[in-house]
Amino acid sequence: MVSFIVLNYNTPRITKRCVDSIVNIYGNKDYEIIIVDNHSTPENYAELVALTTNLNCQLSIVTCQLNTGFGLGNMWGANQATGRYLCFLNSDVQLVEDCITPLRDYLATHPEAGVITPQQYRSDGSIAFSFRHKMGIRRDLFGDDIFEHLFPKQFPKRSNLTRTEPFVVSEINGSFMMFRSDVFWQIGGFDTNIFLFHEEYDIARRLELHGYQNIVYPTVRFLHAHGATTKSSPKCIRQERYISKIYCYSKYHHPLMTLLFRAENILLKLFSPKNWYLIPVFLRGNVLALSMRPSIHQPNPKQ
């Protein structure tokens, strides 16, 4: 069975559209849908319940007393899941074909595969990158294109859409991530210290440390309305992205490299006065203290 886990935060209609696409595309298979409501307003939560009450599928809603962010919210859902496969979807994702069956079958027959995703498309039908290269000083200073040109084996071109076989990447995008449940729990699931952003970098590194691969399955697709759930408070959200960036980088690099990484980011921001508000993020020792995440360790979900 596949357990679909979808986070909702004040986007009941967007979430309903995602759920409808699962039911329409995968409705004749063995599956369950778990919606984790990350402390939406009472009005939005009531609308979510009303929209999903009469759906012809096995669906449950987990409610959190605080907005627990991406990682912890998904962990609440994963703890309720009973499927052999866990499929984490952003609420602004839509299935447009049965991309689940080939992904499930690939995970079942390739024990080295830790996580897998289809080819990503934007909601307007244009193609979007489905994977990233590792973040770091090199990427910040020079970008990805030059390394994709010079070292194509180490840095596969993200724009190459002629691939017909699943292939290994550094990290997949976090909007659509499918795991075998045993692998997900073996590596510890999502890091709940991260409120938003770079969760896929963190989980990709832990998969690699356990000997697993990050896989893109290029011949099936899904739609993703980028940013539909994070449009408000862009300045605060952008700061959160850098908080997670520093935290994740420091987990897997020597303190000296982390110091250089912070310094490099400060220098880059100095050339852009509109980004000066981000500099305290790189100076702060305990960078998570600046996070938007509520100051609570274990909120109590209720079914």
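The values are calculated or read from the model by the stated rules, or taken from the named source; none is laboratory data. Bear in mind that the values here come from a model prediction, so they are computed numbers and not experimental data. All Cβ positions, even for glycine, are placed from backbone atoms using ideal geometry, and neighbour counts span all protein chains on display. Keep in mind that these areas ignore ligands, DNA and RNA; they rest on the heavy atoms of the full protein, side chains included. Shrake-Rupley method; radii C 1.70, N 1.55, O 1.52, S 1.80 Å.
Once the convex hull of the alpha carbons of the chain is built, what does its volume come to per residue, in cubic angstrom?
It is 138 Å³ per residue.
Points 7 angstrom from Cα along the Cβ direction at F129 and L290: gap in nanometres?
Output for this residue pair reads 2.4 nm.
Starting from the Cα of N24, move 7 Å in the Cα-to-Cβ direction to define the label point; list residues of the stretch 64-104 whose amide nitrogen is under 17 Å from there.
From the stretch 64-104, the list is 91-100.
Expressed as a whole percentage, what fraction of the accessible surface of the chain belongs to carbon and sulfur atoms when a 1.4 Å probe is rolled over the protein heavy atoms?
55
Which one, F88, F155, F142, has the greatest fluctuation when you compute a Gaussian network model over the chain with C-alpha springs under 10 angstrom?
The residue with the greatest mean-square fluctuation here is F142.
Counting just the Cα atoms, what span does the stretch 66-149 cover along each of its three principal axes? Round to the nearest Å and put the largest first.
Its Cα atoms span 44, 35, 33 Å along the three principal axes.
Set the Förster distance to 25 Å, then compute FRET efficiency between R122 and H149 from the Cβ-Cβ distance, nearest 0.05.
Efficiency computed from Cβ-Cβ geometry: 0.50.
If you count, for each residue, the other Cβ atoms within 10 Å and average over each peptide, how do 16-28, 269-281, 64-76 line up from highest to lowest?
Descending packing order for the listed peptides: 64-76, 16-28, 269-281.
Would you grab the residues whose amide H sits under 5 Å from the one on E171? Only those 5+ places off in sequence or on another chain, please, with H modelled 1.01 Å from N.
Excluding prolines and chain starts, which carry no amide H, the hits are R132.
For E112 and L66 in one chain, what is 0.36 nm times their gap in residues minus the Cα-Cα distance, to one decimal in nm?
Gain in length upon complete extension: 12.9 nm.
If I take every Cα pair under 8 Å that is 6 or more residues apart in the chain, average their sequence separation and divide by the length, what percent do I get for the relative contact order?
Result for the chain is 23 percent.
May I ask you to compute the full-extension gain from L256 to N54, defined as 0.36 nm times their residue separation minus their alpha-carbon distance, rounded to one decimal in nm?
Working it through step by step, the gained length comes to 67.2 nm.
In deg cm²/dmol, rounded to 500, what helix-only [θ] at 222 nm does the chain give when every DSSP H run of at least 4 residues adds -39500 (n - 2.57) and the total is split over its residues?
Value at 222 nm, helices only: -11500 deg cm²/dmol.
Roughly what % of DSSP beta bridges within the chain run antiparallel, to the nearest 5?
Of those bridges, close to 40 percent are antiparallel.
Ordered by residue, what ³J(HN,Hα) values in Hz, to whole numbers, does the stretch 179-189 give under the Karplus form 6.51 cos²θ - 1.76 cosθ + 1.60, where θ = phi - 60° and Gly and Pro are x?
10, 6, 4, 5, 5, 4, 6, 4, 8, x, x
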